[in-house]
Amino acid sequence: LGRQKFDADTLDELASAADATAQFLERKQAEASLREREDVFRRIFEAAADGLVITDLETGQVLEANPAICAMHGYTRDEFLQLPQTAPLHPDAVDVWRGYVATIRSGRTARAQALVKRKDGSSFHAEAQGSPILYQGKQAALGIIRDITQEQEQHQLLERRVEERTRELQTLLDI
């Protein structure tokens with residue numbers, strides 16, 4: 001009673017409509033999944049304690065900066081995004097920066113330590129690790145920057161103590 005036989009054209013139309021609906025649903029599910037992943041990555045980017053910065057490898061323009069890198073340098077996000085690429089660098093660090101960028105451009109991960117500047121002109125020691133990434137269709141670098149001033153100060157203190165102890169021992173040997 002409730003069954004009808006459909007002709008081939010009707011079955012083809014129904015199959016086509018079912019395929020289109022399935023593709024639509026798959027696309028919507030993929031879009032939702034992509035939005036969720038983007039949201040997770042955005043939250044990680046924003047919450048990271050280390051400074052994170054994405055820089056266009058061709059122009060040197062900062063494309064993205066997380067709150068930690070902005071606070072580290074004393075800039076707002078908008079100010080940081082407008083900085084020339086070498087603005088946060090101490091003049092002694094420009095050659096280190098060039099080598100760092102050249103390594104990333106060659107497709108490899110780069111590491112560097114350099115003295116960098118804050119907005120107020122004060123300096124601090126930073127360690128950077130950069131990797132090549134594709135960001136919004138452009139070749140870019142993802143930089144992870146950490147303030148290592150305390151580590152540098154502790155290392156210098158240790159070196160001074162070793163030198164002092166060496167002098168004391170030498171004096172004892174001389175006596």
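Residues in the range 2-10 include none that are at pLDDT below 95, closer than 22 Å to His125 by Cα and in a loop (DSSP other than H, G, I, E, B). Say we look at the range 77-89 and pick out the residues that are in a loop (DSSP other than H, G, I, E, B) and more than 17 Å from the chain's Cα centre (by Cα); which of these is farthest from Gln113 (Cα to Cα)? Out of the qualifying residues, it is Pro84.
Of everything in the range 34-76 that is part of a helix (DSSP H, G or I) and touching a residue at least 24 places away in the same chain (Cβ under 8 Å), the residue that is most open to solvent (accessible area, probe 1.4 Å) is Met72. The set of residues from the range 79-112 being surrounded by fewer than 14 Cβ atoms within 10 Å (Cβ to Cβ) and under 18 Å from Glu151 (Cα atoms) comprises just one member, Arg111. For the range 83-99, the set of residues classified as under 22 Å from Ala48 (Cβ atoms) and out of contact with any Lys or Arg (no Cβ under 9 Å at 6 or more places or on another chain) consists of Leu83, Gln85, Trp97, listed by residue number. Set side by side, the residues Lys138, Lys119 differ, and just one is of a type in the set (Lys, Arg) and in contact with a His (Cβ under 8 Å, 6 or more places away or on another chain), which is Lys119. Kindly indicate whether Gln129 is open to solvent by 20 Å² or more (accessible area, probe 1.4 Å) and touching a helix residue (DSSP H, G or I) at 6+ places or on another chain (Cβ under 9 Å). Criteria not met by Gln129.
Looking at (1) without any contact (Cβ under 8 Å) to a residue 24 or more places away in the chain; (2) not in a strand (DSSP E or B), which is the only condition Gln129 fails? The failed condition is (2).
The values are calculated or read from the model by the stated rules, or taken from the named source; none is laboratory data. Everything numeric here is computed off the predicted structure, so don't read it as measured data. Don't worry about glycine lacking a Cβ; one is built from the backbone with ideal geometry, like all the others, and counts go over all protein chains shown. For accessibility, only protein heavy atoms count, side chains too; no ligands or nucleic acids. Shrake-Rupley method; radii C 1.70, N 1.55, O 1.52, S 1.80 Å.
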